[in-house]
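J.: Just passing along the structure, written as structure tokens.
The values are calculated or read from the model by the stated rules, or taken from the named source; none is laboratory data. No experiment lies behind these values; they were computed from the predicted model shown. Please note: Cβ atoms are built from the backbone with ideal geometry, for glycine as well, and neighbour counts cover all protein chains shown. Please note that ligands, DNA and RNA were not included when accessible areas were found on the heavy atoms of the full protein model with its side chains. Shrake-Rupley method; radii C 1.70, N 1.55, O 1.52, S 1.80 Å.
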Amino acid sequence: MSDQTKQKNYVLPIAMMFALFAMISFVTGLPAPFGVIVQNQFGASNFQATLGFLANFIAYAFMGLPAGILLQKIGYKKTALIAVAVGFIGVGIQYLSGVAESYMVYLTGAFVSGFSMCILNTVVNPMLNTLGGGGKKGNQLIQTGGSLNSISATIVPVLVGYLMGSNVDERTIDKANPALFIAMGIFAVAFVVLLLMQIPEPRLATKSNVKYEHSPLAFRHFKLGTIAIFCYVGIEIGIPHFVNLFMTSPTAEGGLAIDSTIAGSVAGTYWFLMMIGRMVGASVGAKFSSKSMLTFASSVGIILILLGIFSPLATTVSMPVFKSDISFGLAQVPINVMFLVLCGLCTSIMWGGIFNLAVEGLGKYTEAASGIFMVMVCGGGILPVIQGAVADATSYLACYWIIIAAMAYLFYYALVGCKNVNTDIPVE
């Protein structure tokens, strides 16, 4: 009976972690459609259009370790409240960049938002894994939270693409203000709800002044897992971002000159497929191991990217897309684009699988591990910048070789690197 009561008490904290998961993707997804905006409003190159991601994700490199320390010292609730407040400020600065018509102010806002996203990620992942008791159940909760994460990520490019419309001259930050207001409203509501809610604080009361004899970096599978998450976040962000730029850029620049509303719907469909994949992952997460799911997803992802690179552009398909009026329609796109968008099904389960494998067996080192883990999320800013440089030097499709290399590492980690070879280290 006590176990049932305990599970009931965890329903509200789990729901709040799910809500925070959704907030992370909404704000993190803004640099993708904003990349199209800054190319028009500020004349940015492909490389410069990815700097919003770099500003957002490089904050993880600065804040990952401090976020882990915060989690250890003040607990989940206070850490989350700080993150939500910082997020509100970051999105507010991005709004001001439209008022000031300043590219640097926009990058500043993306950087501040990145601090918030890093702290939130540091909270929600170990919290869900802990509430699920680790293992397959912990993976299942993270996959479920990831489904809500994907809903927000689906909405962002579709919403901003709809707000910009088909007139190229109107692709400005001011036109995207409603999306920023929505994000600020979500932060404000979440802050109030979080302030009034009780969240369990595992191990906080018993370890305030305890110094551990080891660190998470003593575990080989965790160190390799941090590299895996660096690669994964770059993959997740880079695929749809360059699909969007590829479609909206003029043909003279190697793009397809597709209307931004249609392109936003196509890019949004990538995130919609991630949502579908995460729902499937959540339903089967208790039956299949994270290892087998990551192995399957990374191998299929490599095949889809290769098809996207080598398929003839002249071959077009009528692709079902998620539209701004929350319905489905058909968009005529090159078959390459369809293969790249289908990768959303593969990337959908990777985050939860990698995190679960990397922290499995860490015990008392889990909170500190989460902070280190978040440092490597900066891959979401670094790999797309490398892709942008390759795209400027060669072509949009050629930049996807960076994605293939990153996918290959995930395949290696799933097969070999995830094994805990340091079971002799005490973790309780």
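J.: Of all alpha-carbon pairs in the stretch 27-69, indicate the percentage at a distance above 16 angstrom. Spell out each step's value before the answer.
T.: On the way: 383 of 903 pairs.
Summing the P(r) tail past 16 Å for the stretch 27-69 gives 42 percent.
J.: Say the cut-off is 20 Å between C-alpha atoms; which of Lys223/Lys291; Lys291/Lys419; Lys223/Lys364; Lys77/Lys291 go over it? Kindly include the intermediate steps, with their values, before the conclusion.
T.: Details: Lys223/Lys291 16 Å; Lys291/Lys419 9 Å; Lys223/Lys364 16 Å; Lys77/Lys291 31 Å.
Going by Cα-Cα distance, Lys77/Lys291 fall outside the 20 Å limit.
J.: Another one. Which log10 I(q)/I(0) values does the stretch 265-369 give at q = 0.22 Å⁻¹ under the Debye formula, counting every alpha carbon as one identical point scatterer?
T.: For the stretch 265-369 at q = 0.22 Å⁻¹, log10 I(q)/I(0) is -1.11.
J.: Based solely on its DSSP helices, what 222 nm [θ] is calculated for the chain when runs of n ≥ 4 H residues each add -39,500 (n - 2.57) and the sum is averaged over all residues, nearest 500 deg cm²/dmol? Display every interim value, and only then the final one.
T.: Values: 17 runs with 304 residues, N = 428.
Computed ellipticity for the chain at 222 nm equals -24000 deg cm²/dmol.
J.: Quick one: work out Rg over Rh on the C-alpha atoms of the chain, Rh as Kirkwood radius. Let's see the in-between values first.
T.: Working: Rg = 20.5 Å, Rh = 21.4 Å.
My calculation puts Rg/Rh at 0.96.
J.: Report, in order of residue number, the helices in the chain meeting two criteria: a C-alpha extent of 15 Å or more along the helix axis, and a mean Kyte-Doolittle hydropathy of at least 0.0; treat each whole DSSP H run as one helix.
T.: Working: long enough: 11-28 (26 Å, 2.30); 51-100 (39 Å, 1.31); 103-131 (41 Å, 1.13); 135-164 (44 Å, 0.48); 177-196 (29 Å, 2.44); 220-248 (43 Å, 0.99); 260-284 (36 Å, 1.09); 290-310 (30 Å, 1.81); 379-393 (21 Å, 1.09); 401-412 (17 Å, 1.99).
Membrane-span-like by this criterion, though nothing is claimed about a membrane: 11-28, 51-100, 103-131, 135-164, 177-196, 220-248, 260-284, 290-310, 379-393, 401-412.
J.: Along the Cα-to-Cβ line of Ala389, 7 Å from the Cα, sits a label point; which residues in the stretch 30-63 have backbone N less than 18 Å from it?
T.: Answer for this model: 45-59.
J.: Show Ile235, Ile404, Ile155 ordered by accessible area, largest first, where the area counts protein heavy atoms only and the probe is 1.4 Å. Kindly include the intermediate steps, with their values, before the conclusion.
T.: Working: Ile235 0, Ile404 20, Ile155 70 Å².
Solvent-accessible surface, decreasing: Ile155, Ile404, Ile235.
J.: Report the full-extension gain for the segment Val192 to Val11: residue separation times 0.36 nm, less the Cα-Cα distance, to one decimal in nm.
T.: Here the segment from Val192 to Val11 would lengthen by 63.3 nm.
J.: I'd like the Kirkwood hydrodynamic radius of the stretch 325-380, using the inverse of the mean 1/r over distinct C-alpha pairs, in Å.
T.: Values: mean 1/r = 0.0689 Å⁻¹.
Answer for the stretch 325-380: a Kirkwood hydrodynamic radius of 14.5 Å.
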